[in-house]
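Below you'll find the structure, written out as structure tokens, and then a few comments.
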Number of protein chains: 2
Amino acid sequence: MKPVRLAILGLGTVGAGVLQLLQENAKEIKRRTGREIQITHVGTRRPRPDLNLEGIQQSANLLEIVRQPDVDVVIELIGGLSPAKEIFLEAIKHGKQVVTANKALLAECGNELFASADQHTVQIAYEAAVAGGIPIIKVMREGLAANRIEWLAGIINGTGNFILTEMRDKARPFADVLKEAQELGYAEADPTFDVEGIDAAHKLTLLASIAFGIPLQFDKVYTEGISKITAQDVQYAEELGFCIKHLGIARRAPKGIELRVHPTLIPKEQPLASINGVQNAVSVKASAVGQTMYSGPGAGGGPTASAVVADIIDIVRDISYTEDGSGTIPQLAFESLEDINILSREEFTTGYYLRVNVDDRTGVLANITTILSNCGISIDAILQQPRLKNRVPIVIMTDPIVESKMDEAISQIQALPATHGEVMRIRLESLDS
Amino acid sequence: MKPVRLAILGLGTVGAGVLQLLQENAKEIKRRTGREIQITHVGTRRPRPDLNLEGIQQSANLLEIVRQPDVDVVIELIGGLSPAKEIFLEAIKHGKQVVTANKALLAECGNELFASADQHTVQIAYEAAVAGGIPIIKVMREGLAANRIEWLAGIINGTGNFILTEMRDKARPFADVLKEAQELGYAEADPTFDVEGIDAAHKLTLLASIAFGIPLQFDKVYTEGISKITAQDVQYAEELGFCIKHLGIARRAPKGIELRVHPTLIPKEQPLASINGVQNAVSVKASAVGQTMYSGPGAGGGPTASAVVADIIDIVRDISYTEDGSGTIPQLAFESLEDINILSREEFTTGYYLRVNVDDRTGVLANITTILSNCGISIDAILQQPRLKNRVPIVIMTDPIVESKMDEAISQIQALPATHGEVMRIRLESLDS
């Protein structure tokens, strides 16, 4: 069989990593595929004398590259929405298979792109778009295919997890750790994407679609960042036997699906609690198998290249052995998608961690517990902290309750004359059923 | 397209679980495959009025079932070597795809079975044979396909891990916990398969083959059980910051491949150390991605059925979309296997935990450390324990050393007049590179 010919668009950390991995590991990869892989084009604006580009055509005109007849598979690693989207569609239109790590593009424009790929009988492979080197797409789409997925919860942004880990281990404030993360190159100069949960929401959009067989709906993901978490909250959570993680959660509830990214208290014994630093992990609860977890490096050149090249190998096998090269597995895991209701924030059901700073006077705790009780909220634990600058921080953990009830309770607690500042609310998940 | 027709051989816990999962989750599975799955035959000796077997032919003659024309896929869940092997070969000869959970059969007779499947252009799917519900075969064979695998280390026998966890958490002796495991139904009446590491060695044989592209070589796996581990050793390991796990390890060393199952000290911070009770986990170090880990329930009806049905779904997709139905992925991950040298026990390189009971007299420790030094063994830590029944237990942790040197050192230590009883030796792995 003739070699399968690739065009790599973008030679940043990941693009260069893919090129080098294909070159260094060529022999072992050929043993797996039984077929040669040849890089015919790279799309780059800068010359890269540090890379071995012998015999590879270089151009900065990406649209031109994806139209070339000597390209079977396009590896899109330029990122962002534009011009990536136009290039994507042009590649598909020309019958090219596409491999990508572009979570933003797929989460925000994926429905259109996947439909176009179906129409042109090609596939879009995106293992690298969710959890870097952890093959979570393959696991969800194939490995757990026998199951009805009940929920998944993931640490799917390494920067956020690094910040929360440092805040816990060294009792440092958020802003201070963020600055270090930026210096270490983990966080961008504009850290919004990471710390406000947008990157995680992109990834959750993809995971939820293949878990439940629903369309990609990034705009329906409730997203809350970690910038308001204080070192105090991290410490109080510890004292209560919990750990704060920034989780992406997709859950099948009786009235629909919850899609949410937010800081979350989880019990220390939960496997996800032991995922530290820039590591990623996804825990999945599925009907037949129960709870399984997948962890590893979620970003970086090597891990992302590992996922991209695994997709390339899958596609080489599909091109070689399936009738039309479009593969045997539906792109979004299901042959047909279902439009299941996505719940609004007010309809979520979770436990809660509340921290209220109050005047140190008789009856305040009674006032608060009465409000909670009147709203139908059960208290699981209370921690009254030592006085701090004339205020007493009260920490309350509740059983799961629908969020609209909690909104009501918090607005009443906020209105108490003894309450100072904002009531801090962090959702809590036991993840045990 | 016509339905894909299955014969399920064996209606024990797993067989019944597969039947029920296919029935209960039929709608969701059809959404994934786009094709009906129909169970046409079950092979069972006893009537099962508790199961819904409407429209399914039942017979105790398994050889007869696998010859039937209305069977596309045979699900072999009877276990053991015979008559499973004959039935397997008969099914393959009749062009049936085979799904199995039979680790013993594949590890011991797999080379012959896979060759026969290749010859008849059918595939043998065996996700359920290694880590129950954790899709580790798919991960190794496809998800990490871009990488050169450096090593893998797995907790792949739940019974053994349950026993070691209880010994640690409750300071109970081995025999006592084993008895409980038998009462709980985790361990068989003859627990040899589990506690002596034979079951783990079967699974390791399969993992190593797909990790390195080598033939199945169960007879070359060095296997050591956990029955000699004492509650004391577990406690001393804890004090040194380690945890004892029964690991299956396959490692690419400079002169060949190490295949070994044995109790192992690993640092408490290693993700594998937090896998408790009957849970399984496999940690893999691969060239591009680094270290990833996969954990979950490694046995039981639901988890095993999850893996069997995932294999069935893969096969339904392959039958539907590939030219000859034999799938796109080589059965043992590589198109061609390589006969890489398998190292003998004496050639292994690992760190060591040694426990020696000695007379409490001057100069004994000096004697021991001199022996180690003369054999070229560096000491990493020493723990002298309080006197116990007139003897002093000395615990020594060493840096990695080739095992023949350690044999030499131990026989010299054993020969010291001050030494009492056997020198306890447990291998030690840092798992950090």
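The values are calculated or read from the model by the stated rules, or taken from the named source; none is laboratory data. Remember, it's a predicted structure, so these values are computed and weren't measured experimentally. Positions of Cβ are generated from backbone atoms using ideal geometry, with glycine treated the same way; all protein chains shown enter the neighbour counts.
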What pairs can you find where one residue is in the stretch A:142-162 and at the interface with chain B (Cβ under 7 Å from one of its Cβ atoms), the other is among the polar types (S, T, N, Q) and surrounded by fewer than 24 Cβ atoms within 10 Å (Cβ to Cβ), and their Cβ atoms are less than 6 Å apart, with a gap of 6+ or different chains? A:Asn147/A:Ser287; A:Arg148/A:Ser287; A:Arg148/B:Asn25
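Residues checked against (1) of a type in the set (Gly, Ala, Ser); (2) modelled with pLDDT of 95 or more; (3) not assigned by TED's automatic domain parsing to the domain that holds A:Glu108:
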site	(1), (2), (3)
A:Ala146	yes, yes, yes
A:Ala153	yes, yes, yes
A:Gly185	yes, no, yes
A:Pro191	no, no, yes
Quick one: how many residues across the stretch A:346-379 are surrounded by fewer than 15 Cβ atoms within 10 Å (Cβ to Cβ) and either farther than 30 Å from A:Lys255 by Cα or among the acidic types (Asp, Glu) (or both)? 7
Between A:Ile426, A:Ile396, A:Ile401, A:Ile413, which is more than 32 Å from the chain's Cα centre (by Cα), within 27 Å of A:Glu258 (Cβ to Cβ) and buried (at least 18 other Cβ atoms within 10 Å of the Cβ)? A:Ile413
Matching residues in the stretch A:246-272 - criterion: being more than 14 Å from chain B (Cβ to nearest Cβ), in contact with a Leu (Cβ under 7 Å, 6 or more places away or on another chain) and outside any strand (DSSP E or B): A:Lys255
May I ask you to list the residues in the stretch A:1-15 that are under 17 Å from A:Gly55 (Cβ atoms) and either at the interface with chain B (Cβ under 9 Å from one of its Cβ atoms) or out of contact with any strand residue (DSSP E or B) (no Cβ under 7 Å at 6 or more places or on another chain) (or both)? A:Lys2
State whether one or more residues within the stretch B:117-125 are more than 14 Å from chain A (Cβ to nearest Cβ), assigned to a helix (DSSP H, G or I) and more than 29 Å from B:Lys228 (Cβ to Cβ). yes
Given A:Ile319, A:Ile368, A:Ile312, which one is at pLDDT below 95 and at negative phi? A:Ile319
Within the stretch A:273-301, which residues are over 16 Å from A:Arg251 (Cα atoms), among the aliphatic types (A, V, I, L, M) and within 14 Å of the chain's Cα centre (by Cα)? A:Val278, A:Ala281, A:Ala299
Conditions (1) surrounded by 12 or more Cβ atoms within 10 Å (Cβ to Cβ); (2) more than 23 Å from B:Ala253 (Cα to Cα); number of the one not met by B:Arg387: (1)
Residue satisfying condition, being within 19 Å of B:Val122 (Cβ to Cβ) and in contact with a Gly (Cβ under 7 Å, 6 or more places away or on another chain), within set B:Ile75, B:Ile8: B:Ile8
Qualifying residue in the stretch A:150-171 (condition: under 30 Å from A:Glu323 (Cβ atoms), outside any helix (DSSP H, G or I) and of a type in the set (Val, Ile, Thr)): no
Kindly indicate whether A:Ile87 is among the aliphatic types (A, V, I, L, M), surrounded by 14 or more Cβ atoms within 10 Å (Cβ to Cβ), within 18 Å of A:Ala129 (Cα to Cα) and within 14 Å of chain B (Cβ to nearest Cβ). no
Please give the helices (runs of 4 or more DSSP H) falling wholly within the stretch B:172-244 in which 2 or more residues are free of Cβ contacts under 8 Å to residues at least 40 places away in the same chain. B:174-183, B:192-195
Sole residue being among the small types (Gly, Ala, Ser) and within 23 Å of the chain's Cα centre (by Cα), chosen from A:Gly55, A:Gly80: A:Gly80
Mind listing whichever residues of the stretch A:116-158 are charged (D, E, K, R) and farther than 24 Å from B:Ser283 by Cα? A:Asp118, A:Arg148, A:Glu150
Just the residues that are more than 9 Å from every other protein chain (Cβ to nearest Cβ), among the β-branched types (Val, Ile, Thr) and out of contact with any Asp or Glu (no Cβ under 8 Å at 6 or more places or on another chain), please, taken from the stretch B:21-52. B:Ile37, B:Ile39, B:Val42, B:Thr44
Residue under question is A:Met140, and the condition is that it be part of a helix (DSSP H, G or I), in contact with a Leu (Cβ under 7 Å, 6 or more places away or on another chain) and either among the charged types (D, E, K, R) or outside the structural domain of A:Ile78 (by TED's automatic domain parsing) (or both); does it hold? yes
So, A:Ala366, is that one in contact with a Phe, Trp or Tyr (Cβ under 7 Å, 6 or more places away or on another chain) and more than 30 Å from B:Thr121 (Cα to Cα) or not? no
Within the stretch A:146-201, work out how many residues are of a type in the set (D, E, K, R) and under 30 Å from B:Lys30 (Cα atoms). 2
Do we have A:Ile340 as among the β-branched types (Val, Ile, Thr), under 24 Å from A:Leu216 (Cβ atoms) and surrounded by fewer than 21 Cβ atoms within 10 Å (Cβ to Cβ) here? yes
Of all residues in the stretch B:276-317 being charged (D, E, K, R) and surrounded by 22 or more Cβ atoms within 10 Å (Cβ to Cβ), the one that is farthest from the other protein chains (Cβ to nearest Cβ): B:Asp311
